[in-house]
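Quick note: the coordinates plus some simple rules give every number you see, no bench work behind them. These numbers come from a predicted model, not from an experiment.
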């Protein structure tokens, strides 16, 4: 391994024997510095925690304030005790044009283009004629 002559001073310091142990004064100063650095780090961490909590509470409060109308509507809907299917059927029947002789009840629930319908035996054409042959 070749040594760069520019860094020869560093290698000279590494070649020395063991370092002298720190004196009592160096130990005291080192301990005070360590306690000071720890106190400073603790202070900044507590301040950062307070900022994070404050920002979180502000965001939560803003979200809570903006959704108050939705929460009120949900409470009213739950208080009315309406089934969502029944509410949709009532909305459909109230907006539907009333033709003479038209039935006002809905015959099924449309979900994504599919019709879900319950059929009773008396609603099926020709159901009454099955027993008569």
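Stretching the chain fully between residue 68 and residue 38 yields a gain of 6.3 nm (0.36 nm per residue, less the alpha carbon separation). Compared with the direct C-alpha span, the chain from residue 6 to residue 47 gains 10.2 nm at full extension, assuming 0.36 nm per residue. The ellipsoid that matches the Cα gyration tensor of region 23-66 has semi-axes, each √(5λ) in whole angstrom, of 42, 4, 4, with the longest given first.
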